[in-house]
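Data block below; observations after.
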Amino acid sequence: MARIVTKTGDKGTTGIFAGERVAKDDIRIEANGTMDELNAHLGLIRSMIDCSKERHTFIGKLQMNIMQMMSLIATPSDRRCQNPNSFDPDWLTELEEEVQRLMHETPNNGFFILPGGTPLSAQMQLARTVCRRAERRLWTLNGQDPLPEGLIPWVNRLSDYLFVLAKWEMNHQDWPEDVWQSFAYKRKKKTDESK
């Protein structure tokens with residue numbers, strides 16, 4: 001393992017791909033830091049799932065995908081061809097298929113729900129919020145330097161996956177959801193406004 005204490009970042013800069021140094025609060029670093037935080041949350045979720053379960057393996061694969069994406073995020077677009085990592089469009093398809101599979105196994109109660117429930121579903125909801133923040137940071141970076149096509153939609157789909165997975169977990173544990181408000185209120189509001 002390379003040295004951990006290098007002191008190279010003590011003056012507020014950090015290295016990115018190809019040796020360039022940028023400020024530690026640069027949007028590229030902020031976006032990658034949020035992806036790193038998200039990955040740590042996924043690691044915590046995975047630690048709470050039996051290793052023999054398919055979900056354990058699938059989440060581990062998502063973590064590996066995130067590591068490759070972080071390498072790409074750390075690389076300016078004009079140097080990305082030098083990076084051996086790449087974004088595979090099949091990752092997006094695979095994630096979408098898993099979201100659909102979980103949705104078919106999870107009843108829709110028609111309500112917004114409060115994050116919580118079992119400790120595991122609560123952790124999944126927390127990871128979902130970090131995922132949404134990562135997506136916002138990535139859009140900011142993308143406005144300055146385009147990211148690989150499909151990467152941001154993948155992060156968006158991951159937040160969908162975590163939401164549905166949290167609901168699936170609660171249903172699997174026969175844990176009641178704490179509802180806030182029916183989805184129907186949006187339709188009613190639109191109807192009222194059109195009068």
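At 7 Å along the Cα-to-beta-carbon direction for both residue 108 and residue 57, put a label point, then send me their distance in nm to one decimal.
Here the modelled spin labels are 3.0 nm apart.
Skipping prolines and chain starts, which residues have an amide H placed within reach, meaning under 5 Å, of the one on residue 24, given they are 5 or more residues away or on another chain?
Sorted by chain and number, the residues that satisfy this are 13, 14.
Note the full-extension length gain between residue 50 and residue 85 as 0.36 nm times their separation in residues minus their Cα-Cα distance, in nm to one decimal.
Net length gain for the segment: 9.6 nm.
By average Cβ neighbour count within 10 Å, what is the ranking of 157-163, 83-89 from highest down?
157-163, 83-89
Every number here is computed from the coordinates shown, using simple stated rules; none is lab data. Values in this document were obtained by computation on a predicted structure and should not be read as measured data. Because the Cβ atoms are built from the backbone with ideal geometry, glycine has one as well, and the counts that use them run over all protein chains shown.
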